[in-house]
Amino acid sequence: MSASKAKPVAPRDALEEYTAAGAAGCETAPECQDQVTAQLKAAARVRVAMKAKDPALYAVPIGFVDEAERQADHFGRDNLGAKGNSMAVTLPLQRMTSWFAEHPEA
């Protein structure tokens, strides 16, 4: 089966993968770099799932993922291990997670 014919992932299933990407936490800059990079990749998959299901319904959390990526680009994707930089990137991602908690119907 080709990738274009694969069944889309549900947004909440993709969210679970995102949550797992950040579950370990981090202490050192290299650990935080790896974790934030993994969270961004997982959040991008959540965005794909949200856009596939209903881009209008998920417009707000899609915007949070977009903001996280803008912050990552601003600070440099190779410099996300610094505490301030990682916070600037992960805060919009935390807002995405909160949105799902506040909208159980989505």
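The values are calculated or read from the model by the stated rules, or taken from the named source; none is laboratory data. Please read all numbers here as calculations on a predicted model, not as lab measurements. Reconstructed Cβ throughout: ideal geometry from the backbone, glycine too, with neighbour counts over all protein chains shown. Ligands, DNA and RNA are stripped out before the accessible areas are found, and what is left, the full protein with its side chains, is counted by its heavy atoms. Shrake-Rupley method; radii C 1.70, N 1.55, O 1.52, S 1.80 Å.
Find out how many positive minus negative residues lie around V9, taking Lys and Arg as positive, Asp and Glu as negative, among other residues whose Cβ is under 12 Å from that of V9.
+3
On a 0 to 90° scale, report how tilted helix 83-102 is relative to the longest principal axis of the chain, with both axes built from alpha carbons and the result rounded to the nearest 10.
30 degrees
May I ask you to give the solvent-accessible area per residue for the chain, in square angstrom, as obtained with a 1.4 angstrom probe?
The answer is 58 Å² per residue.
Summarise the long-distance tail of P(r) for the chain by giving the % of C-alpha pairs beyond 20 Å.
37 percent
Over the chain, with every protein chain in place, what whole percent of the accessible area is carbon and sulfur at 1.4 Å, could you tell me?
Answer for the chain: carbon and sulfur cover 57 percent of the accessible area.
Please enumerate, by chain and number, the lysines with C-alpha under 21 Å from the C-alpha of K7, excluding those fewer than 8 residues away in the same chain.
K41, K51, K53
What longest range of the chain stays clear of loop-exposed GluC sites (Glu not before Pro) (DSSP non-H/G/I/E/B, at most 11 other C-beta within 10 angstrom)?
After excluding every exposed loop site, the longest remaining stretch is 28-104.
Pairs of Cα atoms under 8 Å, at least six residues apart: use those to get the relative contact order of segment 61-106, whole percent.
Relative contact order comes out at 47 percent.
Once the Cα atoms of helix 29-53 and of the chain are each reduced to a long axis, what angle between those two axes, in degrees from 0 to 90 to the nearest 10, is obtained?
20 degrees
Relative to the longest principal axis of the chain, what angle (0 to 90°, nearest 10) does the C-alpha long axis of helix 59-75 take?
Result, in degrees: 30.
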